[in-house]
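Participant: Submitted below is the structure of interest, expressed as structure tokens.
The values are calculated or read from the model by the stated rules, or taken from the named source; none is laboratory data. Predicted model, so just to flag it, every value in this text is computed and none were measured. Methodologically, a virtual Cβ is constructed for each residue, glycine included, from the backbone with ideal geometry; neighbour enumeration extends over all protein chains shown.
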Amino acid sequence: MKADEAYQCGKCGLCLSACPVYRVMREETTTPRAKVHLIRSFAENRLPATDRMQAKLQCCLMCGTCTAMCPGGVSHDTLFMRMRSQMAIDRGQSKEVKALGAILPKENRLRMAAKAARIGTSSLAQRIIGKMRIGNIPMENFPTPNRTPFRDQVPEVIEPEGKVVGTVAYFTGCATHHIFEQTGHAVVKVLRRMGYRILLPADQGCCGLPLFFHGEIRRARENILTNIRSLSAHDCDAVLTDCATCGSALGHMYPRLMAELDLPAGDADALAATVMDAGEFVATHMDLLTPHLSPAATRETVTYHLPCHLKNHGSGKTLLESLLTHLPHADYHRTPDWDACCGGGGFFFNEYPDIAKRMVDGKIANALASGARTWATGCPGCRVQLAGNLPRKGVIEVCHPLEVVARGLR
Ligand code: SF4
Ligand code: SF4
């Protein structure tokens, strides 16, 4: 297995305190540094792929924090992904990832899965399975999927309300398309009011990140190529995502994956240069938004959770905070751990529930202590983890930042 990147580690240890897993576990074997050196030993045939090694390598949220701050330029995410791929070949894949590999690449299967999940959240089903848990999250705390997928509810081209100031393509990801339709409607409402024409390419699919982060790089190939083709086909100012993880895939991982798939990187690079988080895009165009906002008699109290993928692959750590701070209908309260990992991490909350719980409990306590009634975050995975672990369902509303913005439009 190719592991060139591992040789760039100078063992400085700077990644230790940044790693959310190490911050909970406090064991050297859980650090990014240790993972890098395990992979190096494996690549040099000095260590076999054992259960123990697999467990050490998989205890990771793939948050990208170690890569973002490593002075040696180690690309942990590429190394971890490649190693997971090798492990899947040598030792087989988990049944959960196999199921994902069957569902995510096909839109018709995703639709069926969303329908089944919708039945699972009906009141009758909840009486039967409501107290069951996935990780630490009771089934009754999972969101109800959309009755109709979001992109079926809106046209492929949406004109702005006033003068056209530009055109954006909107990549909705699976979460908005199948679960959080309210986020999609809020994104559209805000962008239209700002003067943007919105394109929603019909043939976009899952970004593939849940697959390639679990080592299923080749299974994600068709999704990656389809998304690059479909999002590059339009002349627009930016490609916007409302999901930090999709943004990380399109804007950061796709160019790296081209090498893994033996493909030229040109189109992926060009797409990545145009990708931006929808909330950050709005925050950088406040002049177009501000005239449409009105103060409220009772201001909404809001706090914010910064998703790791936005922190590490976004345009600026405090952009979303500055947006929330400037809303005349909201009072923003920062919590001390606003930028700390929540422990969601794809399936991490299910695979390592005890560690994930220790990550999220402090954040929930701080969010509740802030007095906020709304907890904004731009990642559906974080949203499920934060809302799912609340002491009482709905004690604080967890939603996308642009839903907060949309509520303040005149
Ligand atoms: S920060 Fe980078 S160079 Fe330093 S120990 Fe971690 S992986 Fe190695
Ligand atoms: S990706 Fe995140 S959780 Fe995984 S080793 Fe790096 S910092 Fe730790």
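Participant: Taking the conditions exactly as written (basic (Lys, Arg) and over 15 Å from the mean Cα position of the chain (by Cα)), does residue 383 satisfy them or not?
Facilitator: The answer is no for residue 383.
Participant: Separate question: Out of segment 52-87, which residues are in a helix (DSSP H, G or I) and closer than 19 Å to residue 350 by Cβ?
Facilitator: In the first step, residues of segment 52-87 are kept if they are in a helix (DSSP H, G or I); the result is 52-58, 65-69, 76-87.
Result: 54, 55, 56, 57, 58, 80, 84, 87.
Yes/no per residue for (1) surrounded by 15 or more Cβ atoms within 10 Å (Cβ to Cβ); (2) at pLDDT below 90:
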{"position": "6", "(1), (2)": "yes, no"}
{"position": "10", "(1), (2)": "no, no"}
{"position": "35", "(1), (2)": "yes, no"}
{"position": "42", "(1), (2)": "yes, no"}
{"position": "64", "(1), (2)": "yes, no"}
{"position": "71", "(1), (2)": "no, no"}
{"position": "92", "(1), (2)": "no, yes"}
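Participant: Continuing with this model, one more query. Applying the selection to segment 18-54, what residues are under 15 Å from residue 67 (Cβ atoms), near ligand 1 (Cβ under 10 Å from one of its atoms) and free of Cβ contacts under 8 Å to residues at least 40 places away in the same chain?
Facilitator: If the condition is that a residue be under 15 Å from residue 67 (Cβ atoms), near ligand 1 (Cβ under 10 Å from one of its atoms) and free of Cβ contacts under 8 Å to residues at least 40 places away in the same chain, then 31, 33 are the ones that fit.
Participant: Check whether at least one residue in segment 270-277 is out of contact with any strand residue (DSSP E or B) (no Cβ under 7 Å at 6 or more places or on another chain), among the small types (Gly, Ala, Ser) and assigned to a loop (DSSP other than H, G, I, E, B), and report yes or no.
Facilitator: Yes: segment 270-277 contains one or more residues that are out of contact with any strand residue (DSSP E or B) (no Cβ under 7 Å at 6 or more places or on another chain), among the small types (Gly, Ala, Ser) and assigned to a loop (DSSP other than H, G, I, E, B).
Participant: So, one more: Conditions: (1) in contact with a Cys (Cβ under 8 Å, 6 or more places away or on another chain); (2) at pLDDT below 95; (3) not basic (Lys, Arg). Residue 137 meets all but one. Number of the miss?
Facilitator: If we test residue 137 against (1) in contact with a Cys (Cβ under 8 Å, 6 or more places away or on another chain); (2) at pLDDT below 95; (3) not basic (Lys, Arg), just (1) comes out false.
Participant: Pick out the one residue from 62, 53 that is assigned by TED's automatic domain parsing to the domain that holds residue 86 and within 12 Å of ligand 2 (Cβ to nearest atom).
Facilitator: The conditions single out 62.
Participant: If I go through segment 122-145 residue by residue, how many of them are touching a helix residue (DSSP H, G or I) at 6+ places or on another chain (Cβ under 8 Å) and of a type in the set (Ser, Thr, Tyr)?
Facilitator: Qualifying residue count for the region: 1.
Participant: Filter segment 20-42 down to the residues that are among the polar types (S, T, N, Q) and assigned to a helix (DSSP H, G or I), then identify the one that is farthest from ligand 2 (Cβ to nearest atom).
Facilitator: Among those residues, the one meeting the criterion is 41.
Participant: Could you grab the pairs with beta carbons closer than 6 Å, sequence gap of 6+ or different chains, first residue in segment 66-82 and at positive phi, second one assigned to a helix (DSSP H, G or I) and near ligand 1 (Cβ under 10 Å from one of its atoms)?
Facilitator: Within 6 Å, the pairs are 73/8.
Participant: What number of residues within segment 1-19 are near ligand 2 (Cβ under 10 Å from one of its atoms) and within 25 Å of residue 88 (Cα to Cα)?
Facilitator: Qualifying residue count for the region: 1.
Participant: Let me ask something else about it. Here are 328, 336: which of them is surrounded by fewer than 21 Cβ atoms within 10 Å (Cβ to Cβ) and either touching a strand residue (DSSP E or B) at 6+ places or on another chain (Cβ under 7 Å) or touching a residue at least 60 places away in the same chain (Cβ under 8 Å) (or both)?
Facilitator: 328
Participant: Does segment 88-112 hold any residues that are assigned to a loop (DSSP other than H, G, I, E, B) and touching a helix residue (DSSP H, G or I) at 6+ places or on another chain (Cβ under 8 Å), and which are they?
Facilitator: Passing the criteria: 93, 104, 105.
Participant: Quick one: in segment 1-17, of everything that is in a loop (DSSP other than H, G, I, E, B), in contact with a helix residue (DSSP H, G or I) (Cβ under 9 Å, 6 or more places away or on another chain) and near ligand 1 (Cβ under 10 Å from one of its atoms), which residue is nearest to residue 259 (Cα to Cα)?
Facilitator: If we filter segment 1-17 for residues that are in a loop (DSSP other than H, G, I, E, B), which is where we start, we get 1-3, 9-13.
Then keep just the ones that are in contact with a helix residue (DSSP H, G or I) (Cβ under 9 Å, 6 or more places away or on another chain); that gives 1-3, 9, 11-13.
Now drop any that are not near ligand 1 (Cβ under 10 Å from one of its atoms), which leaves 9, 11-13.
On the way: 9: 21, 11: 26, 12: 28, 13: 28 Å.
Looking at residues that are in a loop (DSSP other than H, G, I, E, B), in contact with a helix residue (DSSP H, G or I) (Cβ under 9 Å, 6 or more places away or on another chain) and near ligand 1 (Cβ under 10 Å from one of its atoms), I get 9.
Participant: May I ask you to list pairs of residues, at least six apart or on different chains, whose Cβ atoms are under 9 Å apart, with the first in segment 157-172 being assigned by TED's automatic domain parsing to the domain that holds residue 247 and the second being modelled with pLDDT under 95 and among the charged types (D, E, K, R)?
Facilitator: Short answer, once both residue conditions are applied: 167/235.
Participant: Residue under question is residue 110, and the condition is that it be under 23 Å from residue 404 (Cβ atoms) and surrounded by 16 or more Cβ atoms within 10 Å (Cβ to Cβ); does it hold?
Facilitator: Against the criterion (under 23 Å from residue 404 (Cβ atoms) and surrounded by 16 or more Cβ atoms within 10 Å (Cβ to Cβ)), residue 110 does not qualify.
Participant: Restricting to segment 361-388, name every residue that is buried (at least 24 other Cβ atoms within 10 Å of the Cβ), in contact with a Cys (Cβ under 9 Å, 6 or more places away or on another chain) and either among the hydrophobic types (A, V, I, L, M, F, W, C) or in a loop (DSSP other than H, G, I, E, B) (or both). Steps first, answer last, please.
Facilitator: Taking segment 361-388 and keeping what is buried (at least 24 other Cβ atoms within 10 Å of the Cβ), we get 363, 367, 375-383, 385.
Within this subset, residues satisfying the condition of being in contact with a Cys (Cβ under 9 Å, 6 or more places away or on another chain) are 363, 375-383, 385.
Result: 375, 376, 377, 378, 379, 382.
Participant: Now for a separate question. Run residue 77 past the list (1) within 11 Å of ligand 1 (Cβ to nearest atom); (2) buried (at least 22 other Cβ atoms within 10 Å of the Cβ) and report the number of the one that doesn't hold.
Facilitator: Answer for residue 77: the failing condition is (1).
Participant: Restricting to segment 199-229, and then to whatever is part of a loop (DSSP other than H, G, I, E, B) and of a type in the set (A, V, I, L, M), can you tell me which residue is farthest from residue 95 (Cα to Cα)? Give the steps one after another, and end with the answer.
Facilitator: To start, the set of residues in segment 199-229 that are part of a loop (DSSP other than H, G, I, E, B) comprises 200-208, 213-220.
Cutting the leftovers down to of a type in the set (A, V, I, L, M) gives us 200, 202, 217, 220.
Details: 200: 33, 202: 30, 217: 17, 220: 17 Å.
The extreme case among them is 200.
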